[in-house]
Amino acid sequence: MLNEHYPFVNPPLPYAYDSMEPFISRKTMELHRNGYLQTYINDLNQVLVDYPEYQEFSLEQLICYADNMPTHIRSSILHNAGGAYNHIFYFSTLKKNDNRPPSGSLADLIEWQFGCFENFRDLFTAAALSVFGSGYAWLVLDSDGKLAFRTTDNQGTLLSSKDQPIVSIDVWEHAYYLQYYNMRKNYIDDWFSVINWEQAEKNFSGT
Ligand code: MN3
């Protein structure tokens, strides 16, 4: 994502739209990428048309620099660049995992900190349920080298923190409503079957 700049383009999903069936439906994935993410990208480009001084900025740079921008575009930049950044990250950490827990160094730290995967899963679920309204729940590596759960509201990101994101779950209603209606818990439960643990391990180890 770092080298991308204006005009931003919606990257293709790294898998087919139906790859997460039955846990996340094809229709949900299509609407999510082609509707919601596309709109964030279109709206971000629209704001940047009149600001050539920001057209070489990456999504990360736009988000981190937004506080120094003119006040009338600040919230729009944060919302739309954050929306693009958060969705690309969320989509990148989806892959059917056949309900196999993670392996490798991330799994070792989960076991050391949480005792067992089920305990970790319960706490992650609670974090995702705790988002009031729209937002995301994140598993991160914090600045002390420990795993932690974070939540962000709306299209807020963790870029201004020292946390290193490992995986995220989008808990905006649009991420699940077509399939799960108001039952966020059922969506979260099923999302554990589509966490891309290989990508999580890469994000964890910084490779
Ligand atoms: Mn979303």
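Coordinate-derived values only; no laboratory data. Because the structure is predicted, anything quoted here is derived from the model rather than measured. Quick reminder, even Gly has a Cβ in these numbers, built from the backbone with ideal geometry, and neighbours come from all protein chains shown.
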**Message:** Given the condition exposed (fewer than 15 other Cβ atoms within 10 Å of the Cβ) and not in a loop (DSSP other than H, G, I, E, B), answer yes or no: does some residue in the range 133-144 qualify?
**Reply:** no
**Request:** Report the residue count in the range 42-64 for those that are outside any loop (DSSP other than H, G, I, E, B) and within 28 Å of Leu13 (Cβ to Cβ).
**Result:** 14
**Request:** Could you tell me whether Glu4 is more than 15 Å from Ser92 (Cα to Cα) and either touching a strand residue (DSSP E or B) at 6+ places or on another chain (Cβ under 6 Å) or assigned to a loop (DSSP other than H, G, I, E, B) (or both)?
**Result:** yes
**Item:** Every residue from the range 7-41 that is assigned to a helix (DSSP H, G or I) and crowded, with 17+ Cβ neighbours inside 10 Å
**Value:** Thr28, Met29, Leu31, His32, Arg33, Leu37, Tyr40, Ile41
**Request:** Inspect the range 173-190 for any residue being among the basic types (Lys, Arg), more than 15 Å from the ligand (Cβ to nearest atom), assigned to a helix (DSSP H, G or I) and surrounded by fewer than 16 Cβ atoms within 10 Å (Cβ to Cβ) and give the result as yes or no.
**Result:** yes
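Can you confirm whether Asn86 is in a helix (DSSP H, G or I) and either in contact with a His (Cβ under 9 Å, 6 or more places away or on another chain) or within 16 Å of the ligand (Cβ to nearest atom) (or both)?
When the stated conditions are applied, Asn86 passes them.
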**Prompt:** Is it the case that the range 90-97 has a residue that's away from the ligand (no atom under 16 Å from the Cβ) and part of a helix (DSSP H, G or I)?
**Reply:** no
**Message:** Quick check on the range 191-207: of everything there that is polar (S, T, N, Q) and farther than 19 Å from Ala126 by Cβ, which residue is surrounded by the fewest Cβ atoms within 10 Å (Cβ to Cβ)?
**Reply:** Thr207
**Asked** Quick one: which of Leu94, Leu59, Leu37, Leu129 is touching a residue at least 24 places away in the same chain (Cβ under 8 Å) and touching a strand residue (DSSP E or B) at 6+ places or on another chain (Cβ under 8 Å)?
**Response** Leu94
**Request:** Test Ile63 against the stated conditions and say whether it is in contact with a Pro (Cβ under 7 Å, 6 or more places away or on another chain), surrounded by 19 or more Cβ atoms within 10 Å (Cβ to Cβ) and under 26 Å from Val171 (Cα atoms).
**Result:** no
